[in-house]
1. Considering only the range 105-127, I want to know if a residue exists there that is under 25 Å from Ile245 (Cα atoms) and hydroxyl-bearing (Ser, Thr, Tyr).
2. Restricting attention to the range 308-320, does a residue exist that is closer than 30 Å to Ala231 by Cα, in contact with a Lys or Arg (Cβ under 6 Å, 6 or more places away or on another chain) and surrounded by fewer than 23 Cβ atoms within 10 Å (Cβ to Cβ)?
3. So which of Leu303, Leu283 is assigned by TED's automatic domain parsing to the domain that holds Leu374 and without any contact (Cβ under 8 Å) to a residue 24 or more places away in the chain?
4. Do we find that Thr282 is surrounded by 15 or more Cβ atoms within 10 Å (Cβ to Cβ) and of a type in the set (S, T, N, Q) in this structure?
5. Only residues that are under 10 Å from Gly148 (Cβ atoms) and out of contact with any strand residue (DSSP E or B) (no Cβ under 7 Å at 6 or more places or on another chain): list them for the range 102-135, please.
6. So which pairs qualify, if the first residue must be in the range 372-384 and closer than 23 Å to Gly338 by Cβ and modelled with pLDDT of 95 or more, the second must be assigned to a loop (DSSP other than H, G, I, E, B) and not hydroxyl-bearing (Ser, Thr, Tyr), the Cβ gap must be under 6 Å, and the two must be at least 6 apart or on different chains?
7. Considering only residues that are surrounded by 15 or more Cβ atoms within 10 Å (Cβ to Cβ) and under 12 Å from Thr166 (Cβ atoms), which ones fall in the range 122-131?
8. Out of the range 344-363, which residues are over 22 Å from the mean Cα position of the chain (by Cα) and either under 15 Å from Arg281 (Cβ atoms) or in a loop (DSSP other than H, G, I, E, B) (or both)?
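The values are calculated or read from the model by the stated rules, or taken from the named source; none is laboratory data. Bear in mind that the values here come from a model prediction, so they are computed numbers and not experimental data. Because the Cβ atoms are built from the backbone with ideal geometry, glycine has one as well, and the counts that use them run over all protein chains shown.
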Amino acid sequence: MQNFEFHNPTRIVFGQQTIGKLAGLLPESARVLILLGGGSARANGTLDEVKTALGQRHVQEFSGIEPNPSFETLMRAVEQVRRDKLDFLLAVGGGSVIDGTKFVAAAVPFEGDPWTIMETHGRNVRSALPFGSILTLPATGSEMNNGGVVTRRSIQAKLAFSSAHTFPQFSILDPTVTYTLPPRQVANGVVDAFVHVVEQYLTYPVHARVQDRFAEGLLQSLIETGPEALARPEDYDARANLMWIATLALNGLIGAGVPQDWSTHMIGHELTALHGIDHARTLAIVLPASLRVRRESKRGKLLQYAERVWHVTEGSEDERIERAIASTRAFFEDMGMGTRLADYQLGAEAIDPIVTQLEAHGMTGLGEHRDVTLATSRRILETAL
């Protein structure tokens, strides 16, 4: 294992009827902006429950944060906070709403052009407004980490940022609020969480036994829980397990002291920015192709992954690796995901613009070894056709 420090200040309040505990989690004097997405929280009664729990506090709303939150939309929220002297943000939604809230929290006190927060990946953030979240869609783990992704539509750029100042103070996780989610969003959440774990686990061996077993347990739990959550929308145990797995997949713990990859995400971001494909679905396209192209540099962990996650123990090393990759693709497809560019009506003509965007955004040496060059990214995309 490598040297590491682990710090996560987010308080988690988990379980049924926990939104009612909101009043005790933020100051009575707080002037609150509730940030929302497309309206599901309003339609299913979650927003009313939140506002009741906030009591007599001054509360305003900002809705319309997109599934891939846009800089343009978020800057309107920044203007509202500054204009009306609001001092506490509350995200009510999934990872996109929480990511967007993190950006707003950092941008409000920021001096200069807030887009530079994204260009520096958060390194220039010196402070942020306090904020909390109420999670309605398990997927990204944003409810217990300090990172986010924002798209600037005018230049088709989708960039990630993180800062020690952008951890939620608290996050409320009530699995019952997920009962009304469309199957597509549930499937997206399962695949997103799965790939989050893979990006931190499927690299090269460093004798991190605790982290490996933790990651393998999360992957196995997703393989079991994903189909259950899809088939039985009001199965509390299935939804509770999915919600907690997705949180643990990216709260920093399984990535502590181990190498990390994240090239699948970086390539996937460009697919979303250029073609509007759901984030999780870009991961389902890129990951199987990436594992095939990079199988030699990942051989040791791929064999471990084959045995411990997919229980593949027979055949040659190459056969076991191939079966593990095929099992990964099949799992994504069982979740309703297309796993090839052709499933999204994209062909070879789409590859050059993606590679150009990767170069423009400095994504020229990705992966745990920084050896995913532009040429490697091109081979991955060609394999994903």
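1. Taking the range 105-127 as the starting set, the residues that turn out to be under 25 Å from Ile245 (Cα atoms) are none.
No, there is no match, as no residue in the range 105-127 is under 25 Å from Ile245 (Cα atoms) and hydroxyl-bearing (Ser, Thr, Tyr).
2. Checked against the condition, which is being closer than 30 Å to Ala231 by Cα, in contact with a Lys or Arg (Cβ under 6 Å, 6 or more places away or on another chain) and surrounded by fewer than 23 Cβ atoms within 10 Å (Cβ to Cβ), the range 308-320 yields at least one hit.
3. Details: Leu283 fails: without any contact (Cβ under 8 Å) to a residue 24 or more places away in the chain.
Only one candidate qualifies: Leu303.
4. Working: surrounded by 15 or more Cβ atoms within 10 Å (Cβ to Cβ): yes; of a type in the set (S, T, N, Q): yes.
Here the answer is yes, as Thr282 does meet what is asked.
5. Matches in the range 102-135: Ala106 only.
6. Matching pairs, first to second residue: Ala384/Arg340.
7. Of the range 122-131, the ones surrounded by 15 or more Cβ atoms within 10 Å (Cβ to Cβ) are 122, 124-125, 128-131.
If the condition is that a residue be surrounded by 15 or more Cβ atoms within 10 Å (Cβ to Cβ) and under 12 Å from Thr166 (Cβ atoms), then Gly122, Val125, Ala128, Leu129, Pro130, Phe131 are the ones that fit.
8. Let us first name the residues in the range 344-363 that are over 22 Å from the mean Cα position of the chain (by Cα), namely 345-353, 355-356, 359-360.
Residues satisfying the conditions are Gln345, Leu346, Gly347, Ala350.
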